[in-house]
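The values are calculated or read from the model by the stated rules, or taken from the named source; none is laboratory data. Model, not experiment: these values are computed from the prediction. As a convention, Cβ positions derive from the backbone with ideal geometry for all residues, glycine included, and neighbour counts pool all protein chains shown.
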Amino acid sequence: MHDGDKLGTAKRKLERLSNGQWQASMESKIRYYLLSDKRRETSRFEVVDGMIRPLHYQSFADTSFRSDRILIQKFDWDAMREQGSYEDRKWDMQLSEGLLDPLTEVLAVRENLMAQKPLQPIDISYRGGVRHHEFKVMGEETLKTKQGDIRTAKLQLVEKDGTRITNFWFAIEHEMLLVQIQRIKDGEEEAKLVATNWKL
(Lines give C-alpha, C1' and ligand atoms only; values in the text may rest on other atoms or scores of the structure.)
Protein backbone atom coordinates (compact mmCIF):
# COMPACT_ATOMS: atom_id res chain seq x y z
CA MET A 1 0.00 0.00 0.00
CA HIS A 2 1.05 3.60 -0.66
CA ASP A 3 -1.08 6.63 0.21
CA GLY A 4 -4.04 4.28 0.63
CA ASP A 5 -3.61 2.73 -2.83
CA LYS A 6 -2.94 -0.95 -3.41
CA LEU A 7 0.26 -1.37 -5.39
CA GLY A 8 0.64 -5.14 -5.39
CA THR A 9 0.72 -8.31 -3.34
CA ALA A 10 3.15 -10.06 -1.03
CA LYS A 11 3.37 -13.36 0.78
CA ARG A 12 5.43 -14.46 3.78
CA LYS A 13 5.87 -18.11 4.73
CA LEU A 14 7.64 -20.14 7.42
CA GLU A 15 7.97 -23.90 7.02
CA ARG A 16 9.86 -26.79 8.57
CA LEU A 17 11.91 -28.86 6.12
CA SER A 18 12.19 -32.63 6.06
CA ASN A 19 15.77 -32.49 7.42
CA GLY A 20 14.67 -30.60 10.53
CA GLN A 21 15.86 -27.23 9.31
CA TRP A 22 13.54 -24.27 8.70
CA GLN A 23 12.93 -21.95 5.77
CA ALA A 24 11.47 -18.45 5.79
CA SER A 25 10.50 -16.80 2.53
CA MET A 26 8.94 -13.62 1.24
CA GLU A 27 7.72 -12.72 -2.25
CA SER A 28 6.34 -9.41 -3.50
CA LYS A 29 5.06 -7.99 -6.78
CA ILE A 30 4.49 -4.24 -7.14
CA ARG A 31 3.39 -2.04 -10.02
CA TYR A 32 3.24 1.76 -9.74
CA TYR A 33 2.80 3.73 -12.97
CA LEU A 34 5.82 2.72 -15.11
CA LEU A 35 7.62 1.05 -12.22
CA SER A 36 7.36 -2.68 -11.65
CA ASP A 37 9.24 -4.54 -8.95
CA LYS A 38 9.41 -8.26 -8.18
CA ARG A 39 11.36 -9.64 -5.23
CA ARG A 40 11.92 -12.96 -3.54
CA GLU A 41 13.88 -13.67 -0.37
CA THR A 42 14.57 -17.04 1.24
CA SER A 43 16.46 -17.97 4.37
CA ARG A 44 17.23 -21.54 5.36
CA PHE A 45 18.23 -21.82 9.00
CA GLU A 46 18.53 -24.11 12.01
CA VAL A 47 17.78 -23.63 15.69
CA VAL A 48 20.61 -24.65 18.04
CA ASP A 49 20.11 -24.39 21.81
CA GLY A 50 17.25 -21.98 21.23
CA MET A 51 19.31 -19.73 18.94
CA ILE A 52 18.58 -19.13 15.25
CA ARG A 53 21.52 -19.82 12.96
CA PRO A 54 21.10 -18.80 9.31
CA LEU A 55 22.63 -21.24 6.82
CA HIS A 56 21.77 -19.88 3.39
CA TYR A 57 20.17 -16.53 2.52
CA GLN A 58 19.28 -15.41 -0.98
CA SER A 59 17.41 -12.44 -2.40
CA PHE A 60 16.46 -11.63 -5.97
CA ALA A 61 15.16 -8.27 -7.21
CA ASP A 62 13.81 -7.48 -10.67
CA THR A 63 13.04 -3.76 -10.97
CA SER A 64 12.18 -1.64 -14.00
CA PHE A 65 15.10 0.26 -15.55
CA ARG A 66 17.65 -1.66 -13.45
CA SER A 67 19.58 -4.87 -13.95
CA ASP A 68 18.52 -7.84 -11.83
CA ARG A 69 20.17 -7.97 -8.42
CA ILE A 70 21.03 -11.25 -6.70
CA LEU A 71 22.41 -11.48 -3.17
CA ILE A 72 23.68 -14.83 -1.87
CA GLN A 73 25.06 -15.51 1.61
CA LYS A 74 26.29 -18.90 2.90
CA PHE A 75 26.99 -19.37 6.60
CA ASP A 76 29.46 -22.04 7.81
CA TRP A 77 29.15 -22.14 11.60
CA ASP A 78 31.74 -24.92 12.01
CA ALA A 79 34.41 -22.82 10.32
CA MET A 80 32.81 -19.55 11.56
CA ARG A 81 32.98 -18.06 8.06
CA GLU A 82 30.46 -16.47 5.71
CA GLN A 83 30.86 -16.42 1.95
CA GLY A 84 28.67 -14.20 -0.19
CA SER A 85 28.21 -12.37 -3.44
CA TYR A 86 26.22 -9.37 -4.64
CA GLU A 87 26.31 -8.26 -8.27
CA ASP A 88 30.06 -8.24 -9.10
CA ARG A 89 31.32 -8.31 -5.48
CA LYS A 90 32.30 -11.36 -3.45
CA TRP A 91 33.42 -11.69 0.17
CA ASP A 92 34.63 -14.15 2.76
CA MET A 93 34.27 -12.85 6.31
CA GLN A 94 34.46 -13.98 9.92
CA LEU A 95 31.18 -14.95 11.60
CA SER A 96 30.20 -13.98 15.12
CA GLU A 97 27.66 -15.77 17.30
CA GLY A 98 24.17 -14.34 17.04
CA LEU A 99 24.60 -12.89 13.55
CA LEU A 100 21.37 -13.07 11.53
CA ASP A 101 20.07 -12.22 8.06
CA PRO A 102 17.16 -9.84 7.21
CA LEU A 103 14.49 -12.58 7.39
CA THR A 104 15.67 -14.39 10.52
CA GLU A 105 16.00 -11.03 12.29
CA VAL A 106 12.21 -10.62 12.30
CA LEU A 107 11.78 -14.20 13.58
CA ALA A 108 14.18 -13.52 16.45
CA VAL A 109 12.26 -10.39 17.44
CA ARG A 110 9.00 -12.34 17.36
CA GLU A 111 10.48 -15.09 19.55
CA ASN A 112 11.53 -12.52 22.16
CA LEU A 113 8.07 -10.96 22.15
CA MET A 114 6.40 -14.35 22.61
CA ALA A 115 8.75 -15.19 25.49
CA GLN A 116 8.20 -11.69 26.94
CA LYS A 117 11.95 -11.09 26.98
CA PRO A 118 13.55 -7.67 26.69
CA LEU A 119 14.45 -6.81 23.10
CA GLN A 120 18.19 -7.07 22.55
CA PRO A 121 20.20 -5.32 19.81
CA ILE A 122 20.60 -7.50 16.72
CA ASP A 123 23.47 -7.66 14.25
CA ILE A 124 22.58 -8.74 10.72
CA SER A 125 24.90 -9.70 7.90
CA TYR A 126 24.18 -7.59 4.83
CA ARG A 127 26.12 -7.40 1.57
CA GLY A 128 29.47 -8.21 3.13
CA GLY A 129 29.09 -6.02 6.18
CA VAL A 130 27.32 -6.00 9.53
CA ARG A 131 24.41 -3.75 10.46
CA HIS A 132 23.57 -3.08 14.10
CA HIS A 133 19.82 -2.82 14.75
CA GLU A 134 18.02 -1.73 17.90
CA PHE A 135 14.25 -2.09 18.22
CA LYS A 136 12.07 0.16 20.37
CA VAL A 137 8.66 -0.85 21.71
CA MET A 138 6.19 1.91 20.82
CA GLY A 139 3.23 0.43 22.70
CA GLU A 140 0.01 -1.39 21.93
CA GLU A 141 -2.15 -0.50 18.94
CA THR A 142 -5.38 -1.94 17.52
CA LEU A 143 -5.42 -2.46 13.75
CA LYS A 144 -8.56 -2.84 11.68
CA THR A 145 -8.01 -5.80 9.33
CA LYS A 146 -10.13 -7.96 7.05
CA GLN A 147 -10.15 -10.51 9.88
CA GLY A 148 -11.42 -7.96 12.41
CA ASP A 149 -9.78 -5.71 14.97
CA ILE A 150 -6.35 -7.02 16.00
CA ARG A 151 -4.45 -5.99 19.13
CA THR A 152 -0.81 -5.51 18.22
CA ALA A 153 2.52 -4.63 19.75
CA LYS A 154 4.13 -1.88 17.68
CA LEU A 155 7.91 -1.85 17.35
CA GLN A 156 10.16 0.63 15.59
CA LEU A 157 13.58 0.26 13.99
CA VAL A 158 15.49 3.46 13.25
CA GLU A 159 18.39 2.94 10.86
CA LYS A 160 21.80 4.28 11.81
CA ASP A 161 21.72 7.32 9.55
CA GLY A 162 18.31 8.30 10.95
CA THR A 163 16.68 8.86 7.54
CA ARG A 164 14.82 5.55 7.33
CA ILE A 165 12.36 4.14 9.87
CA THR A 166 10.64 0.76 9.77
CA ASN A 167 7.59 0.08 11.95
CA PHE A 168 6.38 -3.45 12.74
CA TRP A 169 3.05 -4.59 14.18
CA PHE A 170 2.88 -8.04 15.85
CA ALA A 171 -0.53 -9.58 16.66
CA ILE A 172 -0.68 -10.15 20.42
CA GLU A 173 -3.46 -12.75 20.35
CA HIS A 174 -2.14 -14.58 17.28
CA GLU A 175 1.25 -15.81 18.54
CA MET A 176 2.86 -12.47 17.74
CA LEU A 177 2.38 -12.93 14.00
CA LEU A 178 3.76 -10.02 11.99
CA VAL A 179 0.68 -8.39 10.42
CA GLN A 180 1.93 -5.01 9.22
CA ILE A 181 5.20 -3.37 8.14
CA GLN A 182 5.67 0.30 7.27
CA ARG A 183 8.75 1.90 5.70
CA ILE A 184 9.31 5.65 6.14
CA LYS A 185 12.12 7.59 4.48
CA ASP A 186 12.89 11.25 5.11
CA GLY A 187 9.59 11.58 6.98
CA GLU A 188 7.41 10.20 4.16
CA GLU A 189 5.85 6.76 3.89
CA GLU A 190 7.42 4.69 1.11
CA ALA A 191 5.11 1.70 1.43
CA LYS A 192 3.08 -0.37 3.87
CA LEU A 193 2.66 -4.14 3.84
CA VAL A 194 -0.72 -5.11 5.36
CA ALA A 195 -1.75 -8.70 6.12
CA THR A 196 -5.17 -9.61 4.68
CA ASN A 197 -5.14 -13.35 5.35
CA TRP A 198 -3.06 -15.67 7.51
CA LYS A 199 -2.94 -19.02 9.22
CA LEU A 200 -0.76 -20.46 11.95
- [ ] Considering each residue of region 123-140, count those that are within 21 Å of ILE72 (Cβ to Cβ) and free of Cβ contacts under 8 Å to residues at least 60 places away in the same chain, and give that number.
- [x] 8
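Conditions (1) closer than 20 Å to SER28 by Cβ; (2) at pLDDT 95 or above; (3) out of contact with any Gly (no Cβ under 8 Å at 6 or more places or on another chain), marked per residue:
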position: GLN116; (1), (2), (3): no, no, yes
position: GLY128; (1), (2), (3): no, no, no
position: HIS133; (1), (2), (3): no, no, yes
position: GLU141; (1), (2), (3): no, yes, yes
position: GLY162; (1), (2), (3): no, no, yes
position: ALA195; (1), (2), (3): yes, no, yes
- [ ] Could you please give the count of residues in region 82-130 that are within 25 Å of GLU15 (Cα to Cα) and assigned to a strand (DSSP E or B)?
- [x] 9
Open item on the list: As an exercise: evaluate PRO54 against (1) surrounded by 11 or more Cβ atoms within 10 Å (Cβ to Cβ); (2) on the phi < 0 side of the Ramachandran plot; (3) without any contact (Cβ under 8 Å) to a residue 24 or more places away in the chain; (4) not aromatic (Phe, Trp, Tyr) and give the number of the one condition it does not meet.
Closed with: (3)
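Would you check which residues across region 147-158 are surrounded by fewer than 11 Cβ atoms within 10 Å (Cβ to Cβ) and either assigned to a loop (DSSP other than H, G, I, E, B) or modelled with pLDDT of 95 or more (or both) and list them?
In the first step, residues of region 147-158 are kept if they are surrounded by fewer than 11 Cβ atoms within 10 Å (Cβ to Cβ); the result is 148-149.
None - no residue of region 147-158 is surrounded by fewer than 11 Cβ atoms within 10 Å (Cβ to Cβ) and either assigned to a loop (DSSP other than H, G, I, E, B) or modelled with pLDDT of 95 or more (or both), so the list stays empty.
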TODO: Taking LYS144 as the residue in question, decide whether it is over 19 Å from the mean Cα position of the chain (by Cα), part of a loop (DSSP other than H, G, I, E, B) and of a type in the set (D, E, K, R).
DONE: no
TODO: Please identify the pairs in which a residue from region 1-23 that is more than 16 Å from LEU178 (Cβ to Cβ) has its Cβ atom under 7 Å from the Cβ atom of a residue that is outside any strand (DSSP E or B), counting only partners at least 6 apart or on another chain.
DONE: LEU7/MET1; GLN23/LEU17
Open item on the list: Need the failing condition index for SER28 against (1) in contact with a Gly (Cβ under 7 Å, 6 or more places away or on another chain); (2) hydroxyl-bearing (Ser, Thr, Tyr); (3) farther than 21 Å from GLN182 by Cα, just the number.
Closed with: (3)
Task: Residues that are in a strand (DSSP E or B) and not hydrophobic (A, V, I, L, M, F, W, C), drawn from region 159-200 - done: ARG164, THR166, ASN167, GLN180, GLN182, ARG183, LYS185, GLU188, GLU189, GLU190, LYS192
- [ ] Could you tell me whether any residue of region 169-186 is of a type in the set (Phe, Trp, Tyr) and in contact with a Phe, Trp or Tyr (Cβ under 9 Å, 6 or more places away or on another chain)?
- [x] no
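So, LYS136, is that one in a strand (DSSP E or B) and either among the basic types (Lys, Arg) or over 27 Å from GLY162 (Cα atoms) (or both) or not? Spell out how you get there, then give the answer.
Details: in a strand (DSSP E or B): yes; either among the basic types (Lys, Arg) or over 27 Å from GLY162 (Cα atoms) (or both): yes.
Here the answer is yes, as LYS136 does meet what is asked.
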Open item on the list: Just checking, does region 64-84 include any residue being in contact (Cβ under 8 Å) with a residue 60 or more places away in the chain, among the small types (Gly, Ala, Ser) and either closer than 20 Å to ASP123 by Cα or in contact with a strand residue (DSSP E or B) (Cβ under 8 Å, 6 or more places away or on another chain) (or both)?
Closed with: no
Open item on the list: Looking at region 94-115 only, could you name the residues that are over 23 Å from LEU200 (Cα atoms) and exposed (fewer than 15 other Cβ atoms within 10 Å of the Cβ)?
Closed with: GLN94, SER96, GLU97, GLY98
